[in-house]
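Heads up, the thing below is written out as C-alpha cells.
The values are calculated or read from the model by the stated rules, or taken from the named source; none is laboratory data. These numbers were taken from a predicted model, which means no experiment stands behind them. So basically every Cβ, Gly included, is an ideal-geometry build from the backbone, and we count neighbours across all protein chains shown. Heads up: the accessible areas ignore ligands, DNA and RNA and are worked out on the full protein's heavy atoms, side chains in. Shrake-Rupley method; radii C 1.70, N 1.55, O 1.52, S 1.80 Å.
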Amino acid sequence: TEVFNPQTIALVISPDAKQPPDQIKAILENCSENGIEVEIDFTPTKDRFGNEKFFVYDVKPLPKKIG
C-alpha cells in the first residue's frame with residue numbers, strides 16, 4: 001500500500017508479530033522521524049464500533065532511493 005497523503009491510522013501490533021512489540025514501535029518511530037519509507041505487513045480489520053484498525057505482523061525500513 002502506498003500512502004500519498006499524511007494520515008493517522010490505528011496500528012495494533014499482533015500477538016503473532018515476527019518481532020517484539022517494542023522493536024516494531026522503535027522502527028516505526030525512527031522511520032517517521034527520519035522520513036524513511038517502511039514496508040508494513042498487516043491485516044485490516046474493524047472493531048466492534050466499525051472503526052478500521054490494522055494488525056501489524058512485521059515492519060521493514062526500505063533503503064533510500066538515490067536519484
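Quick notes on this one:
- Residues that are open to solvent by 90 Å² or more (accessible area, probe 1.4 Å) and either in contact with a Leu (Cβ under 9 Å, 6 or more places away or on another chain) or assigned to a strand (DSSP E or B) (or both) within segment 26-53 comprise Glu37, Glu39, Lys46, Glu52, listed in sequence order.
- Search result, residues across segment 15-25 that are in a loop (DSSP other than H, G, I, E, B) and either at pLDDT below 90 or under 12 Å from the mean Cα position of the chain (by Cα) (or both): Ala17
- Counting the residues of segment 15-25 that are surrounded by 15 or more Cβ atoms within 10 Å (Cβ to Cβ) and of a type outside the set (D, E, K, R) gives 3.
- Condition met for Asp58 (in contact (Cβ under 8 Å) with a residue 40 or more places away in the chain and part of a loop (DSSP other than H, G, I, E, B)): no
- Matching option when the condition is of a type outside the set (Phe, Trp, Tyr), in contact with a helix residue (DSSP H, G or I) (Cβ under 7 Å, 6 or more places away or on another chain), at pLDDT 90 or above and surrounded by 10 or more Cβ atoms within 10 Å (Cβ to Cβ), among Val56, Val12: Val56
- Filter result for Lys65 (touching a residue at least 40 places away in the same chain (Cβ under 8 Å) and in a loop (DSSP other than H, G, I, E, B)): no
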